[in-house]
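Encoded as structure tokens, the structure appears first; notes follow it.
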Amino acid sequence: MNHHQPLNQQPGGPTEPKRPDHRLRRTQQWLANITGVLLTLVIASLLYLSHRWPAEADISATNRHSLSEQSVRTVSSFDQAIRVTAVLGPDATQRQAVKKLVAQYSKHNPRLQLEFINPETSPARVRELDANPGGELIISTGDADLYREKRLQSLSERSFTGALTQLSRNANRQVVFVTGHDERTTQRQTNGDFAELAARLTQLGLVTREISLVTNPVIPEDTDLLVIAAPRKPYFPGEVATLLNYVSTGGNILWLIDEQHDVGLKALSAELGIEPLPGVLLDASSKSYGAENPTFAVIDHSNLPDHPVNRTLGNPLLLPAATALNLTPLAGQSSRPLFFSSEQSWTESGPVAGAVRFDENTTEQRGPLLLGIALQRQVQTLQPREQRIAVIGDADWLANQWIGNGANLEYAQRLFNWLAADDAQLSFATATPEDAFINPASRTILVMGGGFLFGLPLIFLIIAAMLWRQQRNG
Amino acid sequence: MLTIAAREFNALFRSPLAWIIAAILQIFFAWYFLSTLEQYILIQDKLALQDHPPGITAFVTFRYLAPCSALLLIICPLLTMRSYADEYRQGTFTLLRTAPVSNSAIVMGKFFGVYAFVALLLCLALLMPLCLVYITNVDFATLLWSLAGLLAVAALCTSAGMLFSSLTRHTLVAAIASSTLLIILWVIGKHAVSSPVIQQALGTLATSSHLGSFFQGLVSSRDIVYFVLLTSLFIGLTMIRVNNLGWQGSQGR
């Protein structure tokens with residue numbers, strides 16, 4: 001280990017010790033080296049063993065490193081094997097993150113297995129799985145005939161539990177779009193249409209299809225949610241009757257309104273107590289978000305009242321050319337606002353060109369104005385249940401061109417889940433720690449800062465000076 | 001052993017340099033802590049939206065205390081560099097060895113003397129997060145476990161500093177060599193290596209990869225064992241070195 005001469009000896013000094021016996025000294029040196037090597041080997045083996053069988057305990061106040069109750073419940077409920085195939089490059093950090101999360105789940109259900117596929121070394125396998133080579137997590141369950149899978153591109157406890165929740169259901173939810181009135185269609189990729197939305201809903205386990213009310217005078221029974229996506233051509237009276245019948249028998253509905261088109265749905269308006277206000281909504285606050293013109297309504301935290309759909313939304317919603325709504329409360333239904341426009345908004349009745357501003361004493365109304373509303377009714381059938389209806393004064397925010405902006409997609413997913421009565425996906429929540437909020441105006445912080453930054457160092461320097469003087473004098 | 005530890009501790013405690021180091025450290029700690037606090041206040045709304053959001057305690061332990069532990073890579077070798085090297089130079093080591101104590105007691109005594117001083121310095125760093133009790137409900141378990149993390153790094157750095165001090169009579173060489181080893185040990189697993197086995201082995205050896213759990217309120221056996229083993233290794237090697245000197249010395253008489 002070392003080959004030094006004894007350092008405490010002063011060679012050539014007056015009390016120079018006798019030279020030790022050369023052989024004995026070499027043996028001792030050799031023995032010391034061997035002991036050193038042996039000690040290192042023992043420590044290395046123990047280190048290896050400790051990594052082989054690790055144990056962990058979460059002592060944080062809110063159990064931040066453990067799964068939420070809902071995740072544990074969801075993963076424990078599986079009685080079939082769950083296969084997690086991670087298509088991921090060799091990056092150790094990414095793989096470790098996947099391993100860590102999956103291990104937390106498999107602690108509660110040993111039937112969960114994880115397999116890594118490296119797209120660089122197994123391209124054929126990746127092609128066979130039709131996986132995204134950039135990284136994808138494929139969670140699957142069931143045998144050949146009942147095979148179900150979910151794919152995740154972003155990894156979090158929320159997304160993983162969401163995927164497991166969908167896999168645990170045998171049937172997908174049916175979202176039916178009404179067609180035949182020049183609505184936004186889920187079939188086209190053009191800017192104003194809904195193909196992207198449909199694809200995203202499918203990932204959530206919400207299957208979309210379109211029906212014509214002319215050929216289907218009764219809306220299919222398996223419909224979980226009916227969508228009226230901003231029709232531009234009028235409904236026939238028979239179609240309106242079909243809609244009213246669906247609503248009165250407790251069907252869930254999402255109605256996206258574009259004010260510019262009168263499509264003969266006044267009866268539905270009356271049934272729900274909601275009507276669009278004339279004019280297009282302009283929002284002066286959208287400028288601060290970089291919008292080119294004020295027809296974009298920007299909805300941030302302050303304009304999202306408490307509602308299950310609204311919780312934990314990070315970015316603002318962006319609604320192009322929205323229509324404000326007016327609500328008349330009706331007996332037998334509870335109504336809760338989903339979002340309002342900002343205070344700097346108003347309904348512009350004139351043309352949107354040049355310098356536009358709010359005109360007093362006209363039909364124009366100043367914000368905040370209602371843009372989205374959720375209605376709930378109790379349906380008395382054999383099994384009493386809750387009917388859910390949402391009316392939004394815009395369809396563009398869900399269109400291919402805009403759905404990726406702000407929190408539009410996330411909000412859409414939450415809204416559709418809520419409407420399709422899939423509360424399990426909405427109720428995912430983790431504990432907020434007690435020390436989460438610090439009041440920035442607290443005086444204690446100022447006093448503390450001053451004391452620690454200047455007071456304490458000064459005391460130390462005074463002690464140092466005193467010690468230095470003491471040593472110099474003494 | 002206690003006498004030796006007390007002697008070592010007193011020597012540091014009475015040195016003006018140690019107090020100047022403490023003052024500089026305190027300014028650094030306070031500045032860093034306050035900027036972390038400011039950062040938290042600015043983003044607390046966004047953090048609250050996350051799954052399993054951190055509170056101020058978890059934020060401060062991870063963003064302030066964990067980076068502070070890297071300072072020990074420099075401070076500990078500076079405090080230990082004189083432990084043996086200076087005694088060799090002044091010839092007082094022979095005197096120490098003639099005292100009626102075993103070589104292992106000398107090594108442990110010297111280790112605990114410096115370690116107690118480093119622990120006091122670490123309490124300075126912890127003082128500010130502790131004062132958060134005046135403004136919120138602090139997560140004490142997370143805070144105390146992060147102190148354990150700091151003490152674990154301190155033990156590793158002190159023992160490594162001691163080993164190098166016992167190998168040379170040049171104090172500066174001891175400090176630079178031990179700091180270099182500690183820094184290499186700190187960053188060793190950070191770079192991607194083509195072989196996963198080597199990558200894993202390097203990750204196992206890297207100090208930084210064993211710190212996260214301590215500062216996030218997670219008790220992990222592998223991380224505790226890592227610090228205990230490596231500290232034991234350095235202390236063990238120091239003992240072998242001092243014993244070897246002892247044999248050679250006694251043979252020399």
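Taken together, the values in this text are just the output of simple stated rules run on the coordinates, not laboratory data. Given the structure is predicted, the values throughout are model-derived calculations rather than measurements. With ideal geometry, Cβ positions are generated from the backbone for all residues, glycine too; neighbour counts draw on all protein chains shown.
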Sticking to Cα atoms, compute the Rg of chain A to one decimal and its Dmax as the biggest Cα-Cα distance, whole number, in Å. 33.6, 121
Kindly express, to the nearest 10 degrees and within the range 0 to 90, the angle between helix B:140-167's C-alpha long axis and the longest C-alpha principal axis of chain B. 30 degrees
Efficiency by 1/(1 + (r/R0)^6): what FRET value for A:Ser122 and B:Ser221, r their Cβ-Cβ distance, R0 = 30 Å, to the nearest 0.05? 0.30
What do you get for the angle between helix A:237-248 and the principal long axis of chain A? Use alpha-carbon atoms, 0 to 90 degrees, nearest ten. 50 degrees
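If eta is 1.567 mPa s and T is 4 °C, what Stokes-Einstein diffusion coefficient results for region A:69-167, Kirkwood Rh from Cα pairs, in µm²/s? Write out the running numbers ahead of the final one.
Details: Rh = 13.7 Å.
It comes out at roughly 95 µm²/s.
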Each residue of B:205-216 has, on average, a number of other protein chain C-beta atoms within 10 Å of its C-beta equal to 1
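Looking only at region A:69-167, where both bridge partners belong to it, what percent of the DSSP beta bridges are antiparallel (to the nearest 5)? Please report the intermediate quantities before stating the final value.
Values: 11 of 17 bridges.
Roughly 65 percent of the DSSP beta bridges within region A:69-167 come out antiparallel.
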Which Cys residues of chain B have no other Cys Cβ less than 4.7 Å away and so no disulfide-compatible partner by this rule? B:Cys68, B:Cys123, B:Cys131
Rounded to the nearest angstrom and ordered from largest down, what semi-axes does the equivalent ellipsoid of chain B get from its C-alpha gyration tensor (root of 5λ)? 36, 22, 15
Just how many pairs of Lys in the protein assembly as shown have C-alpha atoms closer than 25 Å, counting pairs that are eight or more places apart or on different chains? 9
Compute the acute angle (0 to 90°) between the alpha-carbon long axis of helix A:92-106 and the principal axis of greatest extent of the alpha-carbon atoms of chain A; round to the nearest 10°. 70 degrees
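With an 8 Å Cα cut-off and a minimum separation of 6 or more residues, compute the relative contact order for chain A in percent. The partial results should precede the final answer.
Working: 749 pairs, mean separation 53.9, N = 474.
Reported relative contact order: 11 percent.
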Sum of -39500 (n - 2.57) over DSSP H runs of 4+, divided by residues of chain B (222 nm, nearest 500): -25500 deg cm²/dmol
At 0.36 nm per residue, and after removing the present C-alpha to C-alpha distance, how many nm does the segment from A:Thr215 to A:Ala267 gain when stretched out fully? 16.6 nm
Could you sort A:272-281, A:73-82, B:234-243, B:77-86 so that the peptide with the highest average Cβ count within 10 Å comes first and the rest follow in order? B:77-86, B:234-243, A:272-281, A:73-82
Using the reciprocal of the averaged 1/r over all distinct C-alpha pairs, how large is the Kirkwood radius of region B:20-135 in Å? 17.0 Å
Using Cα-Cα distances under 8 Å and only pairs 6 or more residues apart, what relative contact order does region B:155-253 have, in percent? 34 percent
At a threshold of 8 angstrom on Cα-Cα distance, excluding pairs fewer than six apart, so keeping six or more, what relative contact order does chain B reach in percent? 27 percent
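If you count, for every residue in A:436-443, the Cβ atoms of partner chains within 10 Å of its Cβ, what is the mean?
Working: counts 14, 8, 11, 3, 6, 1, 4, 1.
Counting Cβ atoms of other protein chains within 10 Å of each residue's Cβ and averaging gives 6.
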Please report the Cα spread of region A:310-421 along all three principal axes, rounded to whole Å, starting with the longest. 58, 34, 22
